[in-house]
Structures are given as C-alpha cells and as structure tokens.
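*Asks:* The structure is given below, and queries will be raised subsequently.
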Amino acid sequence: MADALVTDYEWQGPKRGADRAVLLAHGAGSDMNGAALVAVSGALAAAGVPSLRFNYPYRSTGKKAPDRPKVLDAATREAAAELAKRAKLDPARLVLGGRSMGGRYCSLVVGDADEPVPALGLLLLGYPLHAAGRPEQPRAEHFPRLHVPVLFVSGTRDSLAAQPDLTKAAHRVDGDVSFHWIETADHGYRPLKASGRTASDVLDEVADVSAQWVAALPG
C-alpha cells in the first residue's frame, strides 16, 4: 500500500452520534491551525458537529509552496475518506470545504467529471475565483457539476473574488447556493479599520454562520 499523503489531522467535536461531519482544508499560505478554520471547528463542535482539519503534504514537510494540483487533489480525497472513517458516516453525509485554496480543491473533487466525491454540501470560505491579478481566468469551469448545497462566505473587498463576479459565477452551480458577505473584509477576512470591527469579530461571524448553515442542511 502506498504511503499516506496526509499525516497531520486534528479532530474536534463529538466522537460519535452526529449525523454529519465537516472537512476543513487550509489555504495556500496557512495550515490546519489557521484562525478561520480553528474558529469554525470550534463553532461546529459547540453545535454538536464534528470536524477534521488537516495539513496538505507541503505543510507537513515544512515547505511554503503548495503541492502540485494532482497531489492537492489526491490529498483532499484522502482526507475526506479519513473523515468518513473516523466519523463512521457515509461519505454523502460529509460537508467538505475550507479556506481559499482548500475550499477550492474540495469543490474540485466534488465536481470532478470522472470521479466525483460525494458530499452533503460545500462550505467555501473565501473562494478564490481567480489567481491574483487574473480576473479574466475564473476558476469556475466545474461549477455546473456541483449538485449539492454550497455556502460562499466572502468579504466584500476580496481581491480574488469581487462580489458581482462571484455572484455571477455561482449562477452556474447546479445545487442550492447561499452567500454570506462580510462587510469591508478582504480575502484574508480583515475588515477596514473604519468599520469599527476587529478581525476577531469577523472570525466569530464566519464561524457562527458556517455552523448554522451546516446544522441546517437536510438530515
């Protein structure tokens, strides 16, 4: 058997009895202990929903540059299978998602044309609709193959997904789509100082909205 791609996991929440669980994948410049993922996993645990955070291989080996797309894809699939095993749930009872790159790869495996991963829903925290400075190359070609509920939680100043552009692209999603816009927040969920809000306030909002949406998905 081939060695596992993912070696670092962090489980939070009840170990048994839940009818759903959430996979949380990190962004390109972060890891499984990123502030947003930790906040969301805590809110989920308080709602009785377990979650599993993990590090992509490059983070486990101390590298800064993300792995190749094939490795990120395979690692995401491996982590989803690990969550199903630990939670003792059918894969179709799992919500997959995470921050930026991690959320994108969760959406890619669920919307894969050949071997889609089953899911209860997709939780996309700061979906990167395009690479920095390349709005003409949207990352939405797989959206029509997403047949599950999707929640986009994005800042209104996100430079990688302008509000009108993400709203338009999401029309291509086949499943039910919900949005939660964080006023004045950028891609990193940092609000303008003039808003009077702190980064902690925003993370609390992201966590609460995410947990409520997951809990409300059909049982």
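The values are calculated or read from the model by the stated rules, or taken from the named source; none is laboratory data. On a predicted model such as this, the values are computed, not experimentally measured, just so you know. In this analysis, Cβ positions are derived from the backbone assuming ideal geometry, glycine residues included, and neighbour counts consider all displayed protein chains.
*Asks:* For segment 146-156, which positions are closer than 30 Å to residue 115 by Cβ and either modelled with pLDDT under 95 or buried (at least 17 other Cβ atoms within 10 Å of the Cβ) (or both)? Outline the logic, then answer.
*Replies:* So in segment 146-156, the residues closer than 30 Å to residue 115 by Cβ come out as 146-154.
Selection gives 146, 148, 149, 150, 151, 152, 153, 154.
*Asks:* Go through 178, 210 for me and flag whichever is part of a strand (DSSP E or B) and in contact (Cβ under 8 Å) with a residue 24 or more places away in the chain. Full working, then the answer.
*Replies:* Details: 210 fails: part of a strand (DSSP E or B).
So the residue among 178, 210 that is part of a strand (DSSP E or B) and in contact (Cβ under 8 Å) with a residue 24 or more places away in the chain is 178.
Let's see how each residue does on (1) surrounded by 16 or more Cβ atoms within 10 Å (Cβ to Cβ); (2) out of contact with any Phe, Trp or Tyr (no Cβ under 7 Å at 6 or more places or on another chain); (3) modelled with pLDDT of 95 or more; (4) farther than 15 Å from residue 107 by Cα:
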site	(1), (2), (3), (4)
55	yes, yes, yes, yes
59	yes, yes, yes, yes
65	no, no, yes, yes
68	no, yes, yes, yes
72	yes, no, yes, no
77	yes, yes, yes, no
82	yes, no, yes, yes
88	no, yes, yes, yes
93	yes, yes, yes, yes
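*Asks:* Can you give me the number of residues within segment 76-85 that are in contact with a Pro (Cβ under 9 Å, 6 or more places away or on another chain) and over 15 Å from residue 19 (Cβ atoms)?
*Replies:* Going through segment 76-85 one residue at a time, the tally reaches 2.
*Asks:* In addition: Search segment 95-111 for residues being out of contact with any Phe, Trp or Tyr (no Cβ under 8 Å at 6 or more places or on another chain) and assigned to a helix (DSSP H, G or I), and hand back the single one that is nearest to residue 169 (Cα to Cα).
*Replies:* Across segment 95-111, the extreme among qualifying residues is 108.
*Asks:* Within segment 157-173, does at least one residue satisfy the condition of being in a strand (DSSP E or B), over 25 Å from residue 57 (Cβ atoms), at pLDDT 95 or above and in contact with a strand residue (DSSP E or B) (Cβ under 8 Å, 6 or more places away or on another chain)?
*Replies:* No.
*Asks:* Tell me which residues, restricted to segment 179-200, are surrounded by 13 or more Cβ atoms within 10 Å (Cβ to Cβ), of a type outside the set (A, V, I, L, M, F, W, C) and under 21 Å from residue 34 (Cβ atoms).
*Replies:* Result: 180, 184, 186, 187, 188, 189, 190, 191, 197.
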